[in-house]
Amino acid sequence: MSLYPSLEDMKVDQMAKAQVQANAQAAAIQAPPQYPTQAPPQYPTQAQAQAPMPVAQFSLYPSLTDYMGLSLTPEEVRANMPQVLEPPPSQAVVPRPPGTVVAAPITGSNNMGVMRSEIKQGVRQLVCCKDASGKIGLRVRHVNKGVFVAFVHKDSPAALAGLRFGDQILQINDEVVAGWEMDKTMKYLKKCPPNGIVFAVRDRPFERTITMQKDSSNHIGFVFKNGKITAIAKDTSAARNGVLIEHQLIEVNGQNVVGLKDKEIAEIIGAGSQTVTITIMPSYVYNHIVKNMSDSLVKKMMDHSIPDL
């Protein structure tokens, strides 16, 4: 089974496989021998025997350079789909190994935005400390008996440790925090020693990532206001890949955009490559997490750095 970052990756991969299969079948076709009825057999000359047999070339699709509104240059096709440009091998195609295979003919296998946005399954451990003023640079919010990161101060120990908006904190220094409220969690953090504060964290369980491809007009197809998605355009990558309204933009290509102005978010999207990966959260969950937090604090002091890999 194959997984794809975007629906466009899936369609182009299927199209490329069909083209390769058609070319392989055409190369395998051999003309049947012709047996004369009365005339004596005629043998080819040496020059004729050395001449290559013409092979029919089939083209199931007109071109990969203009598909679903995308602009696929020959360089991008050569980098991510070399099998389309190379002649098919004479031997049988080697099947993919069993299990899940990620195929990304458009996005590319090493797309930085996709890798920075990845929401990993499982639990990870982070070690943090306090700054000179005795602060971690972190605020939390309790949701459904869980404790979640609601604010990470820029250039703070929490930001350097890798905590991100929406992460669920499961444990602090061997203390399980399930059922704790915000005040209890913050008081416990204040009492923690300045060094060696150990967090057990689950990556952003309320969030999901969606990878899209810009069209020839550099658009991906959704409208947002104050970071909230309000409309989806038809026949766009956003519509094809399942972007939903009533969701809040949390990250763009792995960069936190919570608190940024719409114009700044649009600039980040526009400045990126053809592939754009957004991280979104249901608006009602987002509103609960940021409730009672000052807008100026979020806009001016939130960590908006690009995470390291």
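The values are calculated or read from the model by the stated rules, or taken from the named source; none is laboratory data. Values in this document were obtained by computation on a predicted structure and should not be read as measured data. No Cβ is skipped: glycine too gets one built from the backbone with ideal geometry, and neighbour counts run over all protein chains shown. We work out accessible area using only protein heavy atoms, side chains counted, and drop any ligands, DNA or RNA first. Shrake-Rupley method; radii C 1.70, N 1.55, O 1.52, S 1.80 Å.
Laid out as a table, the results:
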| read-out | value |
| --- | --- |
| Selection within region 180-202 - under 30 Å from residue 277 (Cβ atoms) and in contact with a Gly (Cβ under 8 Å, 6 or more places away or on another chain) | 202 |
| Residue among 234, 228, 191 that is touching a His at 6+ places or on another chain (Cβ under 9 Å) and open to solvent by 60 Å² or more (accessible area, probe 1.4 Å) | 228 |
| Which numbered condition residue 266 misses (of (1) at pLDDT 95 or above; (2) in contact with a strand residue (DSSP E or B) (Cβ under 8 Å, 6 or more places away or on another chain)) | (2) |
| Within region 226-309, helices (runs of 4 or more DSSP H) holding 3 or more residues that are over 25 Å from residue 7 (Cα atoms) | 262-271, 283-289, 295-301 |
| Identity of the residue in region 152-186, in a helix (DSSP H, G or I) and open to solvent by 10 Å² or more (accessible area, probe 1.4 Å), that ends up farthest from residue 259 (Cα to Cα) | 184 |
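Matching residues to (1) touching a Ser or Thr at 6+ places or on another chain (Cβ under 9 Å); (2) open to solvent by less than 50 Å² (accessible area, probe 1.4 Å):
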residue: 260; (1), (2): no, yes
residue: 264; (1), (2): no, no
residue: 268; (1), (2): no, yes
residue: 271; (1), (2): no, no
residue: 276; (1), (2): yes, yes
residue: 281; (1), (2): no, yes
residue: 289; (1), (2): no, yes
residue: 293; (1), (2): no, yes
residue: 304; (1), (2): no, yes
